[in-house]
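What follows is a single structure, and I will ask about it in a moment.
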Amino acid sequence: MSSNQTLALSTGYHLQDYEIRKVLSSGGFSFVYLARDKNKKTVAIKEYLPTSIAQRAENATVLPNADDVALFRHGLKCFFDEGLSLAKIDHKNIVRVLNFFRANETVYMVMQYERGKSLQDYILEHQGLVSEQFIRRVFSELSNGLREVHTQKLLHLDIKPANIYIRLDGSPVLLDFGSARQALNENLAKSSPSYTPGFASPEQYYDRKLLGPWSDIYSIGATMYACLTRTSPQAANLRIKNDLLTPATKLGKNIYSQSLLEIIDKCLSLDYLERPQSVFSLQKSLLEYTPEPKKKISFMNKIVDALNKPL
């Protein structure tokens, strides 16, 4: 077990009306647990615990390091505010926040548990190419939820295949918002990076004042690109120094439609002004696709073709 895992709440731990069943994921910023409520319903619980500036006491209390109390509280406030904002959003394509509360000197966010698999797992396990129809459907549906998020003056800031869940019915849901993590990271170089290389926009590396809907749109473009390649694109900070990213229009030529490939390349523009400026604009272009009808061959044409074939 890693040192990070030893900081997690143990299986069977009772957290208010919830019983911890296991750790679903852990990172430098938080832990996510599988839990059961008092009605035996399965939920996911996210705990604010930035491991670079805080630790777990024996009584499960989360304690910030002596030099990082102010920073810990700043991140805690951002996490709590994010929970408040997300709790107002009731959209099928956005993870549903059911409850959030303070305990153990930190904050917990209770979310609806989704059954299915991440888009990352889907891409890696899928035999053959990910179809254009799948890409357009998933990201146009996801855009519905992201539009609602942006309406609430929130940004996701961590869109990537691992944070998009494909339910059993095929519908996508967006998980694990990173905006509170981003707020924490801007004040502390030693905290875990608030971005995922390959999927984070250039402005997440260099200038937070430029963050906007177009920042999430860059990440959507990078995630669609990953559907084509099964790997993450070149990181934006490296692209700025020496852009070696193969354009989607070249990579997917004669495999995917020119219009889809151009959408991906526009989303991945290093200049945020060259990207779609709103999710609505992106969604509209994704929905405009009309497959080219297959050329019909008449019975007479078949005969002519047969006669013209060399013996």
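Note the angle between two axes, namely the Cα long axis of helix 69-87 and the longest principal axis of the Cα atoms of the chain, as a number of degrees from 0 to 90, rounded to the nearest 10.
50 degrees
Under a Cβ-Cβ cut-off of 11 Å, what is the net charge of the residues other than W214 that fall near it, where Lys and Arg count +1 and Asp and Glu count -1? Don't skip to the end; give the middle numbers.
Working: positive: K266, R275; negative: E203, D216, D271, E274.
Local net charge: -2.
Hey, if you put +1 on the Cβ of every Lys and Arg and -1 on every Asp and Glu Cβ in segment 1-148, which of F29, I45, V69 ends up farthest toward the positive end of that dipole?
I45
Using the Cα centre of the chain as the reference point, and only Cβ charges (+1 on K/R, -1 on D/E), how large is the resulting charge dipole? Debye, rounded to the nearest 20.
Numbers: 39 positive and 32 negative charges, 177 e Å.
Here the size comes out at about 840 debye.
Any chance you could give the angle, 0 to 90 degrees and rounded to 10, that helix 299-308 forms with the longest Cα principal axis of the chain?
70 degrees
Output the peptides 212-219, 87-94 sorted from most to least packed, where packing is the average of other Cβ atoms within 10 Å over each peptide's residues.
The packing order, highest mean first, is 212-219, 87-94.
Quick note: the coordinates plus some simple rules give every number you see, no bench work behind them. Quantities reported herein were computed from a predicted structural model and do not represent experimental measurements. Don't worry about glycine lacking a Cβ; one is built from the backbone with ideal geometry, like all the others, and counts go over all protein chains shown.
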